[in-house]
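Shown next, in structure tokens, is the structure this report addresses.
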Amino acid sequence: MRSAAANKTNELTRPVVCEARRLRAAELLAQGRSVTEVAAAVGASMESVRRWRAQLATGGRGALRKACGFDTELWTLRRVAQVTERTTGVQLAPASVWRLLHQRLGWSVQRPERKAKERDEQAIARWVAHEWPRIKKGPPKNTHG
């Protein structure tokens, strides 16, 4: 029999495992494997694999990364309440979701790191390597008096 702690760990990691399963299915589909083969390999239903294949066709791998159908990975109390209602049929007010997450599970508020979607890491690295030292050095000293 499984302990409550083991069940809690499985529930906490389930989204990560599910995403990994979807991404593995995408790799297998890209290799030309059949829906039946992919479903057996990743332990999913053929219906799920067909749905993932359709999502891949319309939105690429990014479509498989969506968190429970939402466009971003930002989890608000309202979103958690919506997913809870969808999966269990239980309606929770945001305050109840907060109590469950914070007091019972010990979770805390996590703010997403703000980065521009257009951010170019290579351009930033070049700027830091070439421009920043020049700026840091300051303006050239005038030797003519």
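The values are calculated or read from the model by the stated rules, or taken from the named source; none is laboratory data. Predicted, not measured: the structure shown is a model, and the values here were computed from it. Backbone-built Cβ (ideal geometry, glycine too); neighbour counts: all protein chains shown.
So which residues in the stretch 102-115 are under 28 Å from Gly62 (Cα atoms) and surrounded by 10 or more Cβ atoms within 10 Å (Cβ to Cβ), if there are any at all?
First, pick out the residues of the stretch 102-115 that are under 28 Å from Gly62 (Cα atoms): 107-115.
If the condition is that a residue be under 28 Å from Gly62 (Cα atoms) and surrounded by 10 or more Cβ atoms within 10 Å (Cβ to Cβ), then Trp107 is the only one that fits.
Picking from Glu131, Glu121, which residue would you name as being surrounded by 10 or more Cβ atoms within 10 Å (Cβ to Cβ) and of a type in the set (D, E, K, R)? Give the steps one after another, and end with the answer.
On the way: Glu121 fails: surrounded by 10 or more Cβ atoms within 10 Å (Cβ to Cβ).
After applying the criteria, what remains is Glu131.
A quick yes/no check of all residues on (1) surrounded by 11 or more Cβ atoms within 10 Å (Cβ to Cβ); (2) of a type in the set (A, V, I, L, M, F, W, C); (3) over 20 Å from the mean Cα position of the chain (by Cα):
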position	(1), (2), (3)
Val83	yes, yes, no
Val90	no, yes, yes
Val97	yes, yes, yes
Leu100	yes, yes, yes
Lys117	no, no, no
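Does Arg50 fit the bill of being at pLDDT 90 or above, closer than 21 Å to Ala20 by Cβ and not in a helix (DSSP H, G or I)? Working first, answer last.
Details: at pLDDT 90 or above: yes; closer than 21 Å to Ala20 by Cβ: yes; not in a helix (DSSP H, G or I): no.
Criteria not met by Arg50.
Counting only residues that are touching a residue at least 12 places away in the same chain (Cβ under 8 Å) and not basic (Lys, Arg), which one in the stretch 49-62 is surrounded by the fewest Cβ atoms within 10 Å (Cβ to Cβ)?
Within the stretch 49-62, the subset touching a residue at least 12 places away in the same chain (Cβ under 8 Å) is 49-50, 52-53, 56, 61.
When the remaining residues are screened for being not basic (Lys, Arg), the result is 49, 52, 56.
On the way: Val49: 25, Trp52: 23, Leu56: 18.
Ranking the candidates gives Leu56 first.
Determine the pairs where a residue that is free of Cβ contacts under 8 Å to residues at least 24 places away in the same chain and over 19 Å from Gln82 (Cβ atoms), located within the stretch 92-111, has a partner that is surrounded by 10 or more Cβ atoms within 10 Å (Cβ to Cβ) and not hydrophobic (A, V, I, L, M, F, W, C) with Cβ atoms under 9 Å apart, the partner being 6 or more residues away or on another chain.
Qualifying pairs under 9 Å: Ser108/His102.
Which residues, counting only those in the stretch 28-44, are surrounded by fewer than 18 Cβ atoms within 10 Å (Cβ to Cβ) and assigned to a loop (DSSP other than H, G, I, E, B)?
Answer for the stretch 28-44, where residues must be surrounded by fewer than 18 Cβ atoms within 10 Å (Cβ to Cβ) and assigned to a loop (DSSP other than H, G, I, E, B): Gln31, Gly32, Arg33, Ser34, Gly43.
Give the number of residues within the stretch 53-78 that are modelled with pLDDT of 90 or more and either of a type outside the set (A, V, I, L, M) or not in a helix (DSSP H, G or I) (or both).
So the answer is 2.
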